[in-house]
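Asker: A single structure is presented below for examination.
The values are calculated or read from the model by the stated rules, or taken from the named source; none is laboratory data. No experiment lies behind these values; they were computed from the predicted model shown. Backbone-built Cβ (ideal geometry, glycine too); neighbour counts: all protein chains shown.
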Amino acid sequence: MPPDRPLDRALDVLIVSLGSTAGLRKADEELRDSLTRAGARVEISRAATPSPTRTLMLTDLAWARAARAAASRALAQQRSQPRAIVYSSTTAALLWPRPGAIRFDAPSAGNRPGRHGLWQRPLERRRLEQAPLLLPWSRGGLAEAPGAARRGNRALVLPVSVEPSGPPEPVRDITAITYAANPVKKGLDRVLAAWRRVREDGSQPTGGGTGELVVAGAAAGDLEEAGLPAGEDGVRVVGPLPHDEYRALLRRARLFVCAPRREDYGIAQLEALADGCLLVTTPAPGPYAALSIVRELDARLVSDDLEGALRVALNDPHPGYTARAREALAPFARKAIDRAVVDQVLPRLLDYEAT
């Protein structure tokens, strides 16, 4: 562990948090807590949410400016400069006021193709070359980064920690749940269509449950704006929820079902596995962390035929799935992440040797 320092010591690490999604905010909090447990003094400076814009290019510019303002404000408030800065996402680093480490789920090189990333991609490439340390969430995220980011030893893969949110409920009374904070990207239209067909054939899945699909993360208005039905038989829209309430629903659900058009990491899927859900998903491009895990657990549940995969999960699940999922999530456990922070991350961010 690092040596003790006086309480009034300078800030060790400043995390500049984009925080544009609940997953990003949770990831930044987990990193802060892990660094704190390792003995570092850490603060998070959050970007203020900008006004909505009509294109991804303008959206990224607005968030990059907000992140720069958050970083500049935090630096101005410090009596002495922090020893290290971690920019959470490549977007947060685009207009940085001072170089620092970059932690990211996926780069613009992967998730901003064509005209959507005309100005972001070249600037991102420069920032990834300038950063003293890169902390991708996954090897898949690093693989999508420009070649310069992968050369040398500047990159350390540091997953987001995922733990069970509590003891499992004795009865899983919710048949299926999905998370649709971005309904189009998450493929909610495909989930609803598959769920509708499963219900229309009149078959009753084994194992009980409400027979409902619970849609979390998006309100009825969000669905209507995306051209999706806000209410239909067998579907209950609960909207955005506090994280603890959402995880409590996962502990009651038998299945988590999703059909993302692209997945930059997939915290929601990992949390569902941690809380004992069977994961039913289509394959998707991007550094989808849970995809290889669920293929090992039960490859029948990963299919472009989402309807067929749902039927298998409802009526013929593999025994022992939950226990094997818990074992597969060991690299994402908080204990494993804490060890990596002590052994690898802090020695690279700061100037002492971890022991």
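Asker: So, in the range 278-304, how many residues would count as being part of a loop (DSSP other than H, G, I, E, B) and touching a helix residue (DSSP H, G or I) at 6+ places or on another chain (Cβ under 6 Å)?
Answerer: 3
Asker: Which pairs have Cβ atoms under 7 Å, sit 6 or more apart or on different chains, and link a residue in the range 53-71 that is on the phi < 0 side of the Ramachandran plot to one that is surrounded by fewer than 16 Cβ atoms within 10 Å (Cβ to Cβ) and among the aromatic types (Phe, Trp, Tyr)?
Answerer: Met57/Trp119
Asker: Give me the residue from the range 242-269 that is part of a helix (DSSP H, G or I) and among the small types (Gly, Ala, Ser) and, out of that set, nearest to Asn111 (Cα to Cα).
Answerer: Ala268
Asker: Now for a separate question. Using beta carbons and a limit of 7 Å, which pairs, at least six apart or on different chains, have the first residue in the range 228-249 and assigned by TED's automatic domain parsing to the domain that holds Asn182 and the second one buried (at least 16 other Cβ atoms within 10 Å of the Cβ) and hydroxyl-bearing (Ser, Thr, Tyr)?
Answerer: Close Cβ pairs satisfying both conditions: Arg247/Ser165.
Asker: Given Trp63, Trp96, which one is in contact with a helix residue (DSSP H, G or I) (Cβ under 7 Å, 6 or more places away or on another chain), part of a helix (DSSP H, G or I) and buried (at least 17 other Cβ atoms within 10 Å of the Cβ)?
Answerer: Trp63
Asker: Exactly one of (1) in a loop (DSSP other than H, G, I, E, B); (2) surrounded by fewer than 16 Cβ atoms within 10 Å (Cβ to Cβ); (3) of a type in the set (A, V, I, L, M, F, W, C) is unmet by Ala106. Its number?
Answerer: Tallying (1) in a loop (DSSP other than H, G, I, E, B); (2) surrounded by fewer than 16 Cβ atoms within 10 Å (Cβ to Cβ); (3) of a type in the set (A, V, I, L, M, F, W, C), Ala106 fails exactly one: (2).
Asker: So which strands (runs of 3 or more DSSP E) stay within the range 120-231 end to end and still have 3 or more residues that are farther than 30 Å from Ser34 by Cα and among the aliphatic types (A, V, I, L, M)?
Answerer: It comes to 213-216.
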